[in-house]
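See below for the structure under consideration.
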Amino acid sequence: MAAFVALSGCGPAAGRGAPGTISVVAAEDEYGSMAAAIGGKDVHVVSLLSNPNTDPHEFEASASTAEQVATARLVIKNGIGYDSWMDKLLSASPQSGRLVFSVGEYLGKTAGDNPHIWYDPAGWTKEATVIADDLSRLAPRDKSYFARRKAAWLRALRPVYREVARVRSLTNGSRVIATEPVYGYMLAALGTTSVDSGFQKAIMDGTDPSPQSVSAFQTALRHDTVRMLFYNSQVVDPTTTQMRTLAGQSGIPVVGVTETQPLNRSFVAWQLSQLQAVQREWK
């Protein structure tokens with residue numbers, strides 16, 4: 001797995017890569033990590049959202065990012081409205097032969113669905129297959145190389161799948177609550193039911209939850225009807241802070257998750273660390 005740690009740091013400041021390499025631009029670092037792992041020496045990957053301090057919903061493209069998208073041969077985006085700024089960049093620089101992989105649409109999601117689909121373990125193999133196939137279309141002679149790299153990437157993910165199974169043995173059938181739907185797909189994979197989607201969506205959209213939603217959230221925490229609280233540790237505001245405090249007072253475990261992949265941490269290490277936190281804090 002160490003090889004993938006080295007491959008995953010792909011920030012927007014990187015250069016164009018060696019002649020002959022495939023220029024890949026990923027809207028989010030989660031997909032950039034996968035593309036770098038599968039493409040190896042044959043790709044130069046730029047991840048536009050690689051800084052965890054950047055709010056994905058408020059990202060503004062610069063002239064340099066527009067140029068990177070314009071010259072990319074493969075563009076990977078989350079889609080379903082999460083990174084609509086990428087659609088504008090693509091429209092502004094139409095290129096014959098450029099491949100665009102919109103992950104959300106490929107997985108059958110639509111605008112309005114939970115957009116944090118990189119947390120869905122069921123999608124990882126499908127995403128890796130599309131990326132390997134797209135790279136093979138761009139560099140047919142290296143198809144077997146990409147296939148080997150994809151297989152290695154999927155082997156690197158095995159510890160995450162095993163950890164999902166271990167945690168699910170604890171959490172399956174339980175009710176949990178979250179301040180945002182960031183971890184929603186993983187919570188479903190763990191067999192839990194995440195309650196109060198209205199509160200979560202309001203916080204995600206940057207609006208105030210309704211008084212009824214706030215009251216329902218507080219009631220769930222005060223009356224111990226949920227087993228754990230999940231919060232987006234990258235978004236701190238008085239409302240979410242209040243809920244975390246209330247959970248602590250009620251003896252409900254709290255686990256922080258992040259919307260974006262942390263700097264200098266591989267995708268695998270990131271996923272494992274959060275799953276292990278759930279296992280450690282579960283009561």
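Since every read-out is calculated from the coordinates, none of them should be taken as a lab result. Model, not experiment: these values are computed from the prediction. Because the Cβ atoms are built from the backbone with ideal geometry, glycine has one as well, and the counts that use them run over all protein chains shown.
Near SER194, the amide H atoms lying under 5 Å from its own belong to VAL176; only residues 5 or more places off or on other chains count, and H is placed 1.01 Å from N. Using a ≥ b ≥ c from the Cα gyration tensor of region 183-232 (square roots of the eigenvalues), is it rounded, prolate or oblate, where a/c under 1.5 gives rounded and otherwise the larger of a/b and b/c decides, a/b for prolate? Verdict is oblate for region 183-232.
Seen against the Cα atoms of the chain and their longest principal axis, helix 158-171 is set at about 10 degrees.
If you count the DSSP beta bridges with both ends in the chain, what percent of them are antiparallel, to the nearest 5?
Antiparallel: roughly 0 percent of the beta bridges in the chain.
Between THR239 and SER215, the contour length at 0.36 nm per residue exceeds the alpha carbon distance by 7.5 nm.
Think of it as helices only: each DSSP H run of n ≥ 4 in the chain is worth -39500 (n - 2.57), and spread over all residues that comes to -14500 deg cm²/dmol at 222 nm. Highest mean packing comes first when the peptides 163-174, 216-227 are listed by Cβ atoms within 10 Å, giving 216-227, 163-174. Of the cross-linked pairs LYS109/LYS143; LYS77/LYS150; LYS41/LYS88; LYS41/LYS109; LYS77/LYS126; LYS77/LYS109, those separated by over 24 Å at the C-alpha level are LYS109/LYS143; LYS41/LYS88; LYS41/LYS109. Of interest is the spacing of the C-alpha centroids, which for region 264-283 and region 189-255 amounts to 20 Å.
Close amide H partners of VAL43, meaning residues 5 or more places away or on another chain with modelled amide H under 5 Å apart, are ILE22.
For region 108-122, 3J(HN,Hα) computed residue by residue from phi via the Karplus equation (6.51, -1.76, 1.60; θ = phi - 60°) reads x, 8, 10, 4, x, 6, 4, x, 7, 6, 5, 8, 9, x, 5 Hz, glycine and proline entered as x.
Residues LYS283, LYS150, LYS201 in ascending order of nearby Cβ atoms (within 10 Å, fewest first): LYS283, LYS201, LYS150.
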